[in-house]
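The values are calculated or read from the model by the stated rules, or taken from the named source; none is laboratory data. Bear in mind that the values here come from a model prediction, so they are computed numbers and not experimental data. Positions of Cβ are backbone-derived with ideal geometry, glycine not excepted, and every protein chain shown enters the neighbour counts.
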Amino acid sequence: MRLGEQRGFTLIETMVAMVILIFGVIAVSNLFIVAVSNNALARSKTTAMATAQQRMDELKRAYVKDPSAFPTGIANPITVQVKDPLKSSNNIMSEYTVSYTWAAGPGNSKTVEVTVRPTRARAGMNKTVILRSIFSLTFEE
């Protein structure tokens, strides 16, 4: 074999390839960080929405039993802790303050607004969720 016919990569070609590979790995790792952050935000919003919906359902059942028990105004807020079902019973995933407001609605109905706020909000995470509904014991067609 003559000296000019050698095959293979030079040291500079190998270093350029490694630099390109490193930039690719950095870009992919940033995507993982963004994905984890978005997953946490989605879980937080879903948990808050489920908490608000559960409270709205409880209020609806209680309203059907005794509508006079719900005067117009703001009710005292309660604290709800959401625990991780896959871990020990003391592991709290999220904590929310749930409040609701009653107002006179159309006819003899009541308008209710359930507000769920995180107690330990982090920047960009745990947004407030508000659900509104109208409760009525009469049905019109």
Pairs, first surrounded by fewer than 19 Cβ atoms within 10 Å (Cβ to Cβ) in the range 99-118, second modelled with pLDDT under 85 and not in a strand (DSSP E or B), C-beta under 6 Å, six or more apart: W102/F70; W102/T72; A103/T72; A104/T72; S109/S136; T111/G105; R117/T128; P118/N126
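Matching residues to (1) over 16 Å from T128 (Cβ atoms); (2) not hydrophobic (A, V, I, L, M, F, W, C):
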| residue | (1), (2) |
| --- | --- |
| S37 | yes, yes |
| T46 | no, yes |
| Q53 | no, yes |
| D66 | yes, yes |
| T72 | yes, yes |
| Q81 | yes, yes |
| V98 | no, no |
Residue match in the range 9-17 (condition: surrounded by 10 or more Cβ atoms within 10 Å (Cβ to Cβ), of a type outside the set (A, V, I, L, M) and not in a helix (DSSP H, G or I)): yes
